[in-house]
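K.L.:
Below is a structure I'd like to ask you about.
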Amino acid sequence: ARELGGGHYQFYTPEMNSKAFERLALETDLRKALDRQEFVLYYQPKVDMQTGQIVGMETLIRWEHPDLGTVSPAEFISLAEETGLIIPIGEWVLHTACKQNKAWQQAGFSPLRVAVNLSARQFRQTDLVATVARVLHETGLDPEYLELEITESIALENADRTIATLNELRTLGVRISIDDFGTGYSSLSYLKKFPIDTLKIDRSFVREIDTNLSDAAIVTAIITLAHSLNLKVVAEGVETPVQQAFLLKQKCDEMQGYLFSRPVPVSSFERLMAASTKG
Ligand code: C2E
Ligand code: CA
Ligand code: CA
Ligand code: CA
């Protein structure tokens, strides 16, 4: 710490100060972003490995910042989480995704399941189940077309409470998916206790599937494990035909990644759906 005189100390270097300042500015803007309608949802297709057809999509939020341009969730979700803003933002995401999915069904697209990410704080909020039930009611979406993605570390934070929450969500008819599988805890015993439907293999294992023997072994093991527990398995971050071929050979059910499509806005997703059902 540097003495500034008068008993005042400056604890931060100029760079840290400007980081802290940037963060505060971002927080100020984040508080206004919902009201200013600066958030947009992108959708990334999940594709059946056998048929190549789109079978669902993941909802991914983007922030169209007036000065900074598009801000990725990696840059603001943790801030939203720390400030509690994730609660209203998360509810907006859930509502908008369900409403959009219902609109697509009403427009005649074949019904698909929409996945929405839940952060730790959202998952722990006491009225989560009531919120999900209300959103489904408000939007008229059949619960079987909603899937909630939670990470392994969130699920394991308080296992008993997680099981209770997941059971209530399941009773609503909603699907549950474990996101970023393999990156969290080493204990697998929770898998038999948790009422879940799907494991999503983290991108970090898929990336070097064709060059790294350990990654290939881990992916193969996860697929076998999932199937023996009657769970569906989805690979994320599939970018190359070689990765796709490996996953197909190992009987992975679905894939998601740039190879098929990046996350895209509504109108582009409609074109993808139209092309997928024709084929
Ligand atoms: P995630 O849930 O693991 O989402 C997958 C991320 O991988 C997305 O990044 C997606 O754009 C990216 N991705 C998909 N395919 C590929 C690929 O083939 N290659 C590569 N390199 N990347 C791929 P994105 O959209 O930046 O989102 C980052 C994270 O932010 C998400 O990770 C999720 O944890 C969080 N997030 C996004 N939207 C929401 C939301 O609405 N609510 C909450 N709570 N979190 C969200
Ligand atoms: Ca996810
Ligand atoms: Ca993921
Ligand atoms: Ca991830």
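K.L.:
Which whole-number percentage describes the relative contact order of the chain, with Cα contacts under 8 Å and a sequence gap of 6 or more?
P.N.:
Relative contact order comes out at 17 percent.
K.L.:
Could you list Met255, Met57 in order of exposure, starting from the residue whose Cβ has the fewest other Cβ atoms within 10 Å?
P.N.:
Met255, Met57
K.L.:
Where does segment 21-97 land on Rg(C-alpha)/(2.2 N^0.38 Å)?
P.N.:
Here the answer is 1.28, to two decimals.
K.L.:
Roughly speaking, what % of Cα-Cα pairs in segment 80-130 are separated by over 13 Å, rounded to a whole number?
P.N.:
Value for segment 80-130: 61 percent of Cα pairs lie more than 13 Å apart.
K.L.:
Give the lysines whose C-alpha is closer than 23 Å to that of Lys192, dropping any in the same chain fewer than 8 places away, or say none.
P.N.:
Counting by Cα, and skipping residues close in sequence, Lys192 has these lysines nearby: Lys200, Lys232, Lys251.
K.L.:
In addition: Compute and list, largest first, the equivalent-ellipsoid semi-axes of segment 144-279 from the alpha carbon gyration tensor, each √(5λ) rounded to a whole angstrom.
P.N.:
One finds semi-axes of 26, 21, 12 Å for segment 144-279.
K.L.:
Also: Mind scanning Lys32/Lys193; Lys46/Lys193; Lys19/Lys46; Lys102/Lys249 and naming the pairs with a C-alpha gap bigger than 31 Å?
P.N.:
Over 31 Å Cα-Cα: Lys32/Lys193; Lys19/Lys46; Lys102/Lys249.
K.L.:
Compute, for the chain, the length of the dipole vector about the Cα centre, with Cβ point charges of +1 (Lys, Arg) and -1 (Asp, Glu) only. Units Debye, rounded to 20.
P.N.:
Magnitude of the dipole: close to 560 debye.
K.L.:
Summing -39500 (n - 2.57) over the DSSP H runs of n ≥ 4 in the chain and dividing by its residue number, what mean residue ellipticity at 222 nm do you reach, to the nearest 500 deg cm²/dmol?
P.N.:
One gets -14500 deg cm²/dmol as the mean residue ellipticity at 222 nm.
K.L.:
Here is a follow-up. Compute the semi-axes of the equivalent ellipsoid of the chain, taking the square root of 5 times each eigenvalue of the Cα gyration tensor, and list them largest first in whole Å.
P.N.:
That gives 33, 24, 21 Å for the three semi-axes.
K.L.:
Using only the C-alpha atoms of segment 80-189, find the volume of their convex hull and express it per residue in Å³.
P.N.:
Hull volume over Cα atoms, normalised by residue count, gives 105 Å³.
K.L.:
Compute the distance in nm between two label points, each set 7 Å from the Cα along the Cα-to-Cβ direction, one at Thr183 and one at Ser214.
P.N.:
Taking the simple label geometry, Thr183 and Ser214 are separated by 1.7 nm.
K.L.:
So which GluC sites (Glu not before Pro) in segment 237-279 end up in coil per DSSP with only 15 or fewer other C-beta atoms within 10 Å?
P.N.:
Glu239
K.L.:
On to the next question. If neighbour count is taken as other Cβ atoms inside 10 Å, put Thr83, Thr28, Thr162, Thr220 in order from fewest to most.
P.N.:
Numbers: Thr83 14, Thr28 9, Thr162 20, Thr220 17.
By the 10 Å Cβ count, ascending, the order reads Thr28, Thr83, Thr220, Thr162.
K.L.:
Using 0.36 nm per residue of separation minus the Cα-Cα distance, give me the extension gain between Thr171 and Arg36 in nm, one decimal.
P.N.:
Details: separation 135, 0.36 × 135 = 48.60 nm, distance 3.55 nm.
Fully extending the segment from Thr171 to Arg36 adds 45.1 nm.
The numbers here are math on the coordinates, done by the rules we state, and not lab data. For clarity, every value in this text was computed on a predicted model and none was experimentally measured. Neighbour counts are summed over all protein chains in view; Cβ atoms, including those assigned to glycine, are modelled from backbone coordinates with ideal geometry.
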